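The values are calculated or read from the model by the stated rules, or taken from the named source; none is laboratory data. Small disclaimer: the values here were computed from a predicted structure and weren't measured. Cβ placement follows ideal geometry from the backbone for every residue including glycine, while neighbour counts extend to all protein chains displayed. Please note that ligands, DNA and RNA were not included when accessible areas were found on the heavy atoms of the full protein model with its side chains. Shrake-Rupley method; radii C 1.70, N 1.55, O 1.52, S 1.80 Å.
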Amino acid sequence: MAATKPDRDTVLDATEFLYREARALDERRFRDWLDYLSDDVRYEVPLRVTREGQAEWEVSPTSRIFDDDKQTLTLRVERLETDFAWAEQPPSRTRHYVANVVVDPGERDDELRVSSNCLIYRSRGDSIEPNLYSAARTDTIRRVDGRLLLARRYAVLDQSVINGHNLSILL
Amino acid sequence: MATDSAGTRTEAGLEGIRDGIAQGRFPAHVFNDREIFDTEQRRVFSKAWCFLAHESEIPNRGDYVTRYIADNNLIVARAESGEIHASLNMCRHRGNMMCKSEMGNASHFRCSYHGWVYKNSGELVGVPYMKEGYGGRIDKRDWGLVKVRTDTYAGLVFGTLDPDAPTLEEYLGGFQFYLDLYLKQGSSGSEVHGPPDHWVTETDWKIAAENFSGDGYHTPVAHQFGFNLGYFASSGSTHSQGWAASIPGKGHGIGLGHTPGFPPFAGFPEELAEEMRSSLSPEQVEVFSQTRTAVGTVFPNLSFLMQPFSIVPGEAGVRFVTMRLYHPIGPGRTEMYSWCLVPKDASDEYKQEAYRAYTLAFAQAGTFEQDDLENWARVTRSAGSTMARNIEFPYVMGMDSTPDPDFPGPGHVVTPYVNDSNFRNLWSRWSEYMTGRV
Ligand code: FES
Ligand SMILES: [Fe+2]
């Protein structure tokens, strides 16, 4: 495929899309966040394992921390809307820092392949020790009726042992 | 015992704790206490049979994983002979770590410091400058990696640091009857789906071990969202039904939740249910066919949970099994390992479905897991306070209940499922170890 390099406007649009999507998460507007996702969205966070440099894989091909579609992401949001999502009661304060955005042509004409680094600061309660999650994200962003939507997120965490008693936040 | 004295004050305290359990009391501070932690390392984890790995994690010759017993990092490897060996991950020359990865494949390990080479079974086979340097003062047979005694049951590899420990079979003491529900799904048994979820939490291992030894009491509240949104096969009112089974004197326990009207083996694929009907004993079939939820702990820190789960409210969905290892790394601090076990014989489609259900419900981002960990971290924090040193918890639920005479499974079995009897048995075993009786 001789896809052309996305023009400056496209790059800016995609970058701004990521910023707005991250802001919806940080402001806990989870319904708005669902609206940034395509109906066929796939949301995956694979497991990372510490292996030798020559090993076949370091990111598990079979194990996932998250393996969600729109239905299960909606379930997660519905859960947060009940009074019994104790893990987020009171809610975590999160800040997604999205950087190193690189926009490439996607597999389809209406899609972009966007990679970014994401550092998530998470603070809970009165703890002075935040959880920090650093991830490399590879997203597929699709243009649908003049809007951008997230069609795929593949976020690989940089730690093999996660420090945090749970992952009740979204990456 | 000279090297293992816990101090007179503590010895008396530990005896007191032991007496308290018999009366249904257990002190809060044990769930976050430096002295308790240190004593546990020496008296519980250095003596018990501790879970290391599932055989299917190391299916091929040379495959290895690194795991812990207490604070000892071990290499668990399948040697060229096909046998499984556990060795201390420490070079005998100056102590360098041999394997720095969590998993891999190697027929030999070569130390990165001075180059001693060991077979994956632990034998020393290569010493640089053997003639020039050592001039016959080193016999390779004396300097292999330090071996740890291992034994297996239905795919589970256990190790013990105690040469005098009883056999694994004796240690499990009949709990195998219940473990088969997780380990013998279908006639070829179970396998891990992939490497375990692995995370560190501000939680004492004992809270997790207790919860998984059959805490049906927390479910309607801690996991209320599941009832609220309709993701549970049981309701708040029927949830207490079922049995609590424990092996007296061994510490192992399991909660068997039962939902009236739930079809036999619901959530298993039909072929698999058929296989289980013929490969398990009639008593096991009778118990397992009517089990909705099975949540159990092998003393001290290996747990299992099996449950049907559906993302469509009201449907039986698919059964998944999670296996847990709670590795204590400090007072009130635990490294969690969580695997998904799938039936070896099942279709890839079913294995995938079961794994997705596990991920959504009980992996580290799982909707049920999240809330358990939140609660456990708060319990741990509370238990570390100065006032908590003088506070006890009631373990009196079902204190007067008599064993169900008709139940076909072994052990001390009481109904309903919501009952403290498994916990009394767990902590009484723990206190036997802690007071040096085991
Ligand atoms: S420490 Fe391993 S060879 Fe010296
Ligand atoms: Fe729970």
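Which whole number gives the average, over all residues in B:101-107, of C-beta atoms from other chains lying within 10 Å of the residue C-beta?
Values: counts 8, 5, 5, 7, 4, 1, 0.
If you average over the peptide's residues, the count of other-chain Cβ atoms is 4.
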Checklist entry - Ignoring ligands, DNA and RNA, what percent of the accessible area of the protein assembly as shown is carbon or sulfur (1.4 Å)? => result 49 percent
Checklist entry - Which net charge results when you count Lys and Arg as +1 and Asp and Glu as -1 among the other residues whose beta-carbon is under 9 Å from that of B:GLN307? => result +2
Checklist entry - List the lysines whose alpha-carbon lies under 20 Å from that of B:LYS47, not counting same-chain residues fewer than 8 positions away? => result B:LYS147, B:LYS206, B:LYS250
Checklist entry - Considering only the other residues whose Cβ falls under 11 Å of the Cβ of A:SER127, what net charge follows from Lys and Arg at +1 and Asp and Glu at -1? => result +1
Checklist outcome for this item: GNM on chain B, Cα springs under 10 Å; top mean-square fluctuation among B:PRO196, B:PRO166, B:PRO328 goes to B:PRO166
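Hey, what's chain B come to in accessible area per residue, 1.4 Å probe, Å²?
Values: 16800 Å² over 438 residues.
Per residue, chain B has an accessible area of 38 Å².
What number, in percent, do you get for the relative contact order of chain B if the mean sequence gap of Cα pairs under 8 Å and at least 6 apart is divided by its residue count?
Numbers: 937 pairs, mean separation 95.4, N = 438.
Contact order relative to length: 22 percent.
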Checklist entry - Over all residues in B:216-229, what is the mean tally of Cβ atoms on other chains that come within 10 Å of each residue's Cβ? => result 3
Item to check | Solvent-accessible surface (1.4 angstrom probe) belonging to A:VAL101, in square angstrom, nearest 10 | outcome: 40 Å²
Checklist entry - Taking a 1.4 Å probe, which of B:GLU392, B:GLU40 shows the most accessible area, and what order do the others take after it? => result B:GLU392, B:GLU40
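Provide the net charge surrounding B:THR415, with neighbours chosen by a C-beta distance below 11 Å and charges set as Lys +1, Arg +1, Asp -1, Glu -1. Could the numbers behind the result be given before it?
Numbers: positive: none; negative: B:ASP404, B:ASP406.
It works out to a net charge of -2.
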Next on the checklist: Compute the angle between helix B:367-383 and the longest alpha-carbon principal axis of chain B, please, reported from 0 to 90 degrees and rounded to the nearest 10.
Outcome noted: 70 degrees
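Just flag the trypsin sites (Lys or Arg not before Pro) in region B:400-438 sitting in loop per DSSP whose Cβ has no more than 12 other Cβ atoms within 10 Å.
B:ARG437
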Checklist entry - Where in region B:79-116 does the label zone of B:TYR129 land, with the point 7 angstrom along Cα→C-beta and an amide N cut-off under 12 Å? => result B:114-115
Checklist outcome for this item: Descending packing, highest mean Cβ count within 10 Å first, for A:116-122, B:280-286 is A:116-122, B:280-286
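Let me check against my output: what whole-number percent is the relative contact order of region A:1-103, with C-alpha pairs under 8 Å and at least 6 apart? Don't skip to the end; give the middle numbers.
On the way: 73 pairs, mean separation 31.1, N = 103.
Once normalised by length, the contact order is 30 percent.
For region B:174-435, state the semi-axes of the equivalent ellipsoid (square roots of 5 times the eigenvalues of the alpha-carbon gyration tensor), sorted largest first and rounded to whole angstrom. Before the final figure, lay out the partial values.
Numbers: eigenvalues 153, 92, 64 Å².
Ellipsoid semi-axes (Å, largest first): 28, 21, 18.
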Checklist entry - Hey, what did region B:138-268 get for relative contact order, percent, Cα under 8 Å, at least 6 apart? => result 19 percent
Checklist entry - How far is helix B:8-22 tilted, in degrees, relative to the longest principal axis of the Cα atoms in chain B, given as a value from 0 to 90 rounded to the nearest 10? => result 30 degrees
Next on the checklist: Which one, A:PRO130, A:SER60, A:THR72, is farthest towards the positive end of the dipole of chain A when Lys and Arg carry +1 and Asp and Glu -1 on their Cβ?
Outcome noted: A:PRO130
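When the solvent-accessible surface of protein heavy atoms is calculated with a 1.4 angstrom probe, in what order do B:VAL30, B:VAL418 fall, highest first?
Details: B:VAL30 0, B:VAL418 30 Å².
The most accessible residue leads, giving B:VAL418, B:VAL30.
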Checklist outcome for this item: Burial-style ranking of A:41-54, A:127-140, B:209-222, average other-beta-carbon count within 10 Å with highest first, yields B:209-222, A:41-54, A:127-140
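If you filter region B:59-112 for chymotrypsin sites (Phe, Trp or Tyr not before Pro), then keep DSSP loop positions with at most 15 other Cβ within 10 Å, what is left? Before the final figure, lay out the partial values.
Working: sites: B:TYR64, B:TYR68, B:PHE109; in loops: none.
Answer in residue order: no site qualifies.
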Item to check | Accessible surface of B:PHE268 - all protein chains present, 1.4 Å probe, nearest 10 Å² | outcome: 20 Å²
Checklist entry - Once every DSSP H run of n ≥ 4 in chain B is given -39500 (n - 2.57) and the sum is divided by its residues, what mean residue ellipticity at 222 nm do you get, rounded to the nearest 500 deg cm²/dmol? => result -8000 deg cm²/dmol
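Enter the buried accessible area of the B/A pair, total of both sides, probe 1.4 Å, in Å² rounded to the nearest 100.
Numbers: alone 18540 and 10290 Å², together 25390 Å².
In total, this chain pair buries about 3400 Å².
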Checklist outcome for this item: Highest GNM mean-square fluctuation among B:VAL146, B:VAL321, B:VAL413, for chain B with Cα springs under 10 Å, belongs to B:VAL146
Checklist entry - From Cα coordinates alone, what are the radius of gyration and Dmax values for region B:50-160 in angstrom? => result 14.1, 49
Checklist entry - Where in region B:207-235 is the amide nitrogen less than 19 Å from a point lying 7 Å along the Cα-to-Cβ axis of A:GLU81? => result B:224-232
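If the viscosity is 0.692 mPa s and the temperature 37 °C, what Stokes-Einstein diffusion coefficient in µm²/s follows for the protein assembly as shown when Rh is the Kirkwood radius over Cα pairs? All intermediate terms of the calculation are to be shown ahead of the outcome.
Numbers: Rh = 25.9 Å.
Taking Rh from Cα pairs, D becomes 127 µm²/s.
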Item to check | Accessible area in the full protein assembly, largest first, 1.4 Å probe, for B:ILE58, B:ILE311 | outcome: B:ILE311, B:ILE58
Next on the checklist: Please give me, ordered by residue number, the GluC sites (Glu not before Pro) of region A:66-171 that lie in loop per DSSP and have at most 16 other Cβ atoms within 10 Å.
Outcome noted: A:GLU107
Checklist entry - Cα axis of helix B:34-43 to longest principal axis of chain B: angle in degrees, 0 to 90, nearest 10? => result 70 degrees
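Per-residue Cβ counts within 10 Å, from other chains only, averaged over A:45-51: what number is that? Write out the running numbers ahead of the final one.
Details: counts 4, 1, 7, 2, 9, 7, 7.
Averaged over the peptide's residues, the number is 5.
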Checklist outcome for this item: Amide H proximity to B:ASN73 below 5 Å, modelled H, separation 5+ or other chain, gives B:ASN89
